[in-house]
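The values are calculated or read from the model by the stated rules, or taken from the named source; none is laboratory data. Keep in mind that what you see is a predicted model, and the values were worked out from it rather than measured. Because the Cβ atoms are built from the backbone with ideal geometry, glycine has one as well, and the counts that use them run over all protein chains shown.
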Amino acid sequence: MRADRLVSLVLLLRQRGHLTAATLARELEVSTRTVLRDIEALSAAGVPVYAERGRHGGFALLPGFQTELTGLNHDEAIALLAAGSGRGEQVFGLGSALASAMRKVAGALPESHRATASDAAQRFLIDPETDLLSRRLATEEVPATTMSEVRRAVLAGRKLRIHYAAADQTPQWRTVDPIGLVTVRDRGYLLATRSGTERTYRLSRVLAAEELPEPAQRPNRVDLDRIWRERCAQFLSGGDQITALVRVNPARREDLVSTALAVRAEDPDADGWLRLEVTFQDSRHAEWALWQLTTDAEALAPQSLRTSLRDSAAAIAARYGAPT
């Protein structure tokens, strides 16, 4: 629709400033002639867009120009405002910034959308603090000052000095080259390199941080999704991990999968149950995960896991079998 394209043109100019007709045509996937007609239509409608002549000419908006987000339809406005009720932004210490942004979005909405969108967004709750059993969902807290230093170094491309408490180790200071930040299930991670070696740091274990003036040694462009997949694969292939063959009641499948590191295979079993090949961090992790499922799961292999679960069950039975 032309109205959507006109709004997109205005937003492009607001975001990037001066743009040529060829660039606008490429971004909007139209011809340069269509862009010129759209520019004329905007000018006629009172939008202060002006042309700059010459070899490096193009189009721009007068400084300070503001406009309503008329390109947002009702559902898009609801989606933006509802997203602001989630908790993921807290991982990177951006909660107050998101709240401010949501206020600006709401204020810039057309009058016809403003009241209805804000009211409708109240009908959605994303990631509450507790589940139906009133269990509080674990959210890792990172001090605001620490998170601010990490975030600034990542965005500015400068080296970062962190006081890091690795598992079962004494906290140590180390200098890293930050690449990016990742959040997964309310856990935050800093992807970085240290002396050229890839490193992944849990943000909740960063006790303090200091942005350094030296530029970080890192590529100008980054594909965080690819890097994260590669590091996950490296993590899954190392350490004292254990792969178990498990029969599980379909009703408890998600409980099993949510505690495992990975699901390597899954097939239906003859009695309606599922047979999964799952990977755990170590044997203690595997025993704990299966113990939570009681009789809704059975470890078929390895035998050492079956033996450990049997011995634990026998010890519990002996404890409660004796009269008090």
Are there any pairs, at least 6 apart or on different chains, whose C-beta atoms fall under 7 Å, with the first in segment 6-34 and without any contact (Cβ under 8 Å) to a residue 24 or more places away in the chain and the second outside any helix (DSSP H, G or I), and if so, which?
L12/L19; A25/S31
What's the number of the only condition in (1) assigned to a loop (DSSP other than H, G, I, E, B); (2) closer than 28 Å to P302 by Cα; (3) touching a residue at least 40 places away in the same chain (Cβ under 8 Å); (4) not aliphatic (A, V, I, L, M) that D271 fails to meet?
(3)
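Residues are listed down the side, and each one gets a yes or a no for (1) in a helix (DSSP H, G or I); (2) more than 22 Å from D255 (Cα to Cα):
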{"position": "R284", "(1), (2)": "yes, no"}
{"position": "A289", "(1), (2)": "yes, no"}
{"position": "T295", "(1), (2)": "yes, no"}
{"position": "S304", "(1), (2)": "yes, yes"}
{"position": "R310", "(1), (2)": "yes, no"}
{"position": "A318", "(1), (2)": "yes, yes"}
{"position": "P323", "(1), (2)": "no, yes"}
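Within segment 173-184, does at least one residue satisfy the condition of being of a type in the set (D, E, K, R) and closer than 21 Å to Q281 by Cβ?
Our first condition is that a residue be of a type in the set (D, E, K, R); within segment 173-184, this holds for 174, 177.
Keeping just the survivors that are closer than 21 Å to Q281 by Cβ gives none.
No, segment 173-184 contains no residue that is of a type in the set (D, E, K, R) and closer than 21 Å to Q281 by Cβ.
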Cβ pairs under 6 Å, 6+ apart or interchain, first in segment 149-163 and within 17 Å of L224 (Cβ to Cβ) and part of a helix (DSSP H, G or I), second at pLDDT 90 or above and charged (D, E, K, R), ordered by first then second residue, are A153/E211
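Restricted to segment 215-254, and to residues that are assigned to a loop (DSSP other than H, G, I, E, B) and of a type in the set (D, E, K, R), which residue is surrounded by the fewest Cβ atoms within 10 Å (Cβ to Cβ)?
First, the residues of segment 215-254 that are assigned to a loop (DSSP other than H, G, I, E, B): 216-223, 237-241, 249.
Now drop any that are not of a type in the set (D, E, K, R), which leaves 218, 221, 223, 240.
Values: R218: 17, R221: 5, D223: 11, D240: 10.
The residue in question is R221.
Got a number for residues in segment 175-194 being more than 20 Å from the chain's Cα centre (by Cα) and either buried (at least 16 other Cβ atoms within 10 Å of the Cβ) or modelled with pLDDT under 95 (or both)? Give the derivation first.
Our first condition is that a residue be more than 20 Å from the chain's Cα centre (by Cα); within segment 175-194, this holds for 175-177, 193-194.
Subset that is either buried (at least 16 other Cβ atoms within 10 Å of the Cβ) or modelled with pLDDT under 95 (or both): 176-177, 193-194.
Summing the residues that are more than 20 Å from the chain's Cα centre (by Cα) and either buried (at least 16 other Cβ atoms within 10 Å of the Cβ) or modelled with pLDDT under 95 (or both) in segment 175-194 gives 4.
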